[in-house]
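Each remark here refers to the structure printed beneath this line.
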Amino acid sequence: MAVQRGSADHGGSASRRYPLVLALISGTALAIVGIVFAAPALASIAAITLDMPAPGWLGLKDRYLGRYHLTYSSDHSLVNQGELVVFSRAVPRQRPVLSGVLNLYGSDESNVFYMTHFVHAGIKLMAALNLGVYTGPVVGSFDVMCYCYNTMKAVFNVQDGSKVSLRFQRYSANPHP
Amino acid sequence: MGSPRRYWYSSWIIAPLLTTLVLGAFPSIATKPRPLGSLVARPVAQSDWPLFGRDRDNTRFSPLTDVNLGNVRRLGEAWHAKLGRFQVLLETFPQIIGRVIYVTTSTDEVIAFDAISGKIMWRYAPHVDFSLSTGVGGYGVSVNRGVAVSNGKVYVVTFDNHLQALSQSTGEKLWQTSVADPHQGYYETMAPTVWGGLVFVGSAGSEVGVRGFVAAYDAATGKLVWRFYTVPAPGHGWVPKGHHGGGTVYMPPTVDLHNGLLYVGTSNPSPVLLGTGRQGPNPYTDSILALRPRTGKLVWAYQEVAHDLWNYDAGSPVVIFDAHVKGKTIHALGEAGKSGYFFVLNANTGKLLYRPLAFVKENHTTPTTKPTLQCPGTLGGSLYSPVSYSPLTHAAYISGVNLCFIVKLEKLPPGGESDFAGTRTPEKKTPTGTFSAVNVNTGKFLWFKTMPTPMIGGSMTTASNLVFTGDQHGTMYAFDARKGQIVWHASLGLGFGSAPIAYAINGREYIAVAVGGSASTGANHLGPIGATLVVLTLGGKPIKPFRPIGQ
């Protein structure tokens, strides 16, 4: 015997179920529409959040501490040999700060930069390059594009807009031989 | 038997030959300073500045008179050279021999410029590991105060403790020798001194507890001839066990041609602020030492500050002069220390001639675990600033720093200035400076000026009674040496970490100075910094301030 739809008993439960289903479907549709329209805004927010640099370099400090030889430079007149040392620098009344000394030797010049303000944005690692002393003027940034198997691929971004690609190979985990 | 006439002719050949041989064998005789009477005011075709302090007495006195009180306002720029795209802080003291100016950069490069055109003749860029003293925390005090030039070679000391000899004509490295171990905290900032076939060097690093020394190396080969340690080894004498010591020598030693002595000024003992573990006066620290230059044997010592607790090095190079005291002419020397006092001693005996004169504000007490204000502070008084001396005014011209520090005894973590035994912070008050003239015959001020910034680079005096110096804002001054009035000033735009020099070529006088700020200028943000060599001359182009790095 077929169940008659619309009977009082059956009609009562059916009438509660359908509005609920309709509400669910409507709500889902609305949500999808909302996401489609709001996606660009959400993406922007996500992007802004991800790009904000956070202190330190990703992972354990020990991963980066040590001494590195320069193995590649895209500007041989400015840099054809170099040494990088990353170490924990003692600062009175503060925790030790990740710091670096970047020696870059060119064909007729010898430069040293003091690395401070180690930060990361996503997987990108960055440090400021100071001249003279650790609190000296910042003349550029050292941006590590990739750190794999003790090899550091970086870009020396000078404030005047010029860039030099560098590659360093870590040969000692001890910054103080 | 030969004719008497033949013998008479041969004496005209033999006498000059013998004279040349004698002068060559005794370089001290050949290079003795000229007596005052020979300072005649006439145009000089060529006048060099061949030594750190121009002459062996270290007076920084130029005999040139073309630039004088009547025309100094006509000084303008002859040429300038920026020393490098990434160069900053200049404590180099230029020297000029022939037509070539030699300067160093803070990364130990040596540059030879044509002194008239400013063209680079050669540039030597050593590979220096500035991280090797990371035991110091790598706190970045890489400055270089210049070279020494002698016998076809240019001598330079690098931050990582190498003494190098370069060819004077090409800049090619001829030899290199290690002076000290940078892993122990030693580092170098000094210009060496060369005399009699020897190169004299010391080191820096007393805040890290290194054991101070001065050493002599063979100028031809770089072989060590002698080393004199200024303090005992750790655990011996007054030096506590552990990495302690001090008494470093970081400015060029002065050779005294009159009495055959070598003078050095030494730095503080360490631990710096904490004296409980190093009882007694801690001899030979904060002292002027007189040694025999051939052997390093100590002849006499005068200690300026006994049991130092404030970092009061006898840092500036010793200057030699005659002092006329109570009717007697005394062969004397002077030194202006970080203590803020000017000391004048009998150069033969080391005895104090008169009471030391304070040229900056003095107010210091024993450091404690609570913050206390110390004046002058650890970077006050006279840093490494060379004193100049004029035989015309009988005055020594002294650069002073009024910079007080708040110090506090604290246990420091390893690394950094680990043997400082505490912390130091400059007081918030704007630091000032002093520039003064002290009559060396009386020990009193001839005149005294308070300056708007610390005065660090030192000065030069001239036979036209001018004194040239500069401040941390980049203002270069010419003072009337007798009266102290400022007769000329110009803004070069970069702090002075060095002093001017004067030279003449083809009868024209030039005044050169390396500007860019000292290490203290950079570390304490005292003024604009950069790295430029500028040469001035009468009737030169209008002087425009140089743009600092970071702007």
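The values are calculated or read from the model by the stated rules, or taken from the named source; none is laboratory data. Everything quoted here is computed from the prediction, not taken from an experiment. Every residue, glycine among them, receives a Cβ derived from its backbone with ideal geometry; neighbour counts consider all protein chains shown.
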Residue in segment B:396-438 that is nearest to the chain's Cα centre (by Cα), counting only those that are more than 14 Å from chain A (Cβ to nearest Cβ) and hydroxyl-bearing (Ser, Thr, Tyr):
B:Ser399
Can you confirm whether segment B:488-495 contains a residue that is free of Cβ contacts under 8 Å to residues at least 40 places away in the same chain, within 14 Å of another protein chain (Cβ to nearest Cβ) and either surrounded by fewer than 22 Cβ atoms within 10 Å (Cβ to Cβ) or over 24 Å from B:Lys82 (Cα atoms) (or both)?
no
Has segment B:231-245 got at least one residue that is within 19 Å of the chain's Cα centre (by Cα) and either farther than 14 Å from B:Ser270 by Cα or modelled with pLDDT of 95 or more (or both)?
no
Return a yes/no flag: does segment B:268-278 have any residue that is within 21 Å of the chain's Cα centre (by Cα) and closer than 18 Å to B:Tyr302 by Cβ.
yes
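Here is a yes/no grid of residues against (1) more than 8 Å from chain A (Cβ to nearest Cβ); (2) among the polar types (S, T, N, Q); (3) closer than 18 Å to B:Tyr187 by Cβ:
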position: B:Phe61; (1), (2), (3): yes, no, no
position: B:Leu64; (1), (2), (3): yes, no, no
position: B:Arg73; (1), (2), (3): yes, no, no
position: B:Lys82; (1), (2), (3): yes, no, no
position: B:Thr104; (1), (2), (3): yes, yes, yes
position: B:His127; (1), (2), (3): no, no, yes
Which of the residues spanning segment B:429-461 are within 16 Å of B:Val487 (Cβ to Cβ) and touching a Pro at 6+ places or on another chain (Cβ under 8 Å)?
B:Ser459, B:Met460
Top-ranked residue of segment A:147-162 - restricted to ones that are more than 14 Å from chain B (Cβ to nearest Cβ) and of a type outside the set (A, V, I, L, M, F, W, C), ranked as nearest to the chain's Cα centre (by Cα):
A:Tyr147
So the strands (runs of 3 or more DSSP E) completely within segment A:84-146 holding 2 or more residues that are facing chain B (nearest Cβ under 9 Å), of a type in the set (S, T, N, Q) and farther than 20 Å from A:Tyr171 by Cβ are A:110-121
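Output the residue which, of all residues in segment B:397-413 that are in contact (Cβ under 8 Å) with a residue 40 or more places away in the chain and over 21 Å from B:Glu91 (Cβ atoms), is surrounded by the most Cβ atoms within 10 Å (Cβ to Cβ).
Looking at the filtered set, the residue picked out is B:Val407.
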Of the residues that sit in segment A:56-83 and are farther than 20 Å from A:Asn174 by Cα and within 10 Å of chain B (Cβ to nearest Cβ), which one is modelled with the lowest pLDDT?
A:Leu78
Away from chain A (no Cβ under 13 Å) and either farther than 27 Å from B:Asn58 by Cα or buried (at least 24 other Cβ atoms within 10 Å of the Cβ) (or both): which single residue out of B:Trp195, B:Trp122, B:Trp175 fits that description?
B:Trp175
Restricting attention to segment B:84-102, and to residues there that are more than 20 Å from B:Arg145 (Cβ to Cβ) and more than 14 Å from chain A (Cβ to nearest Cβ), which single residue is surrounded by the fewest Cβ atoms within 10 Å (Cβ to Cβ)?
B:Gly98
Can you report the number of residues in segment B:279-302 which are under 17 Å from the mean Cα position of the chain (by Cα) and within 30 Å of B:Leu373 (Cβ to Cβ)?
3
Is there any pair with a first residue in segment B:420-432 that is of a type in the set (Asp, Glu) and a second that is in a loop (DSSP other than H, G, I, E, B) and crowded, with 19+ Cβ neighbours inside 10 Å whose Cβ atoms are under 9 Å apart and which are 6 or more apart or on different chains, and what are they?
B:Glu427/B:Gly377; B:Glu427/B:Leu403; B:Glu427/B:Cys404
The residue from B:Thr285, B:Thr295 that alone is surrounded by fewer than 16 Cβ atoms within 10 Å (Cβ to Cβ) and among the β-branched types (Val, Ile, Thr) is B:Thr295
For B:Tyr250, all conditions in the list (1) at pLDDT 95 or above; (2) in contact with a Pro (Cβ under 7 Å, 6 or more places away or on another chain) hold save one; what is the number of the exception?
(2)
Show the residue pairs that are 6+ apart or on different chains and have beta-carbon atoms under 6 Å apart, the first residue being within segment B:519-538 and away from chain A (no Cβ under 14 Å), the second being crowded, with 24+ Cβ neighbours inside 10 Å and of a type in the set (Ser, Thr, Tyr).
B:Val535/B:Tyr510; B:Thr537/B:Tyr510
Inside segment A:113-136, can you point out the residues that are at pLDDT 90 or above and over 30 Å from B:Leu83 (Cα atoms)?
A:Val119, A:His120, A:Leu125
Out of all the residues in segment B:362-382, is one or more assigned to a strand (DSSP E or B) and among the basic types (Lys, Arg)?
no
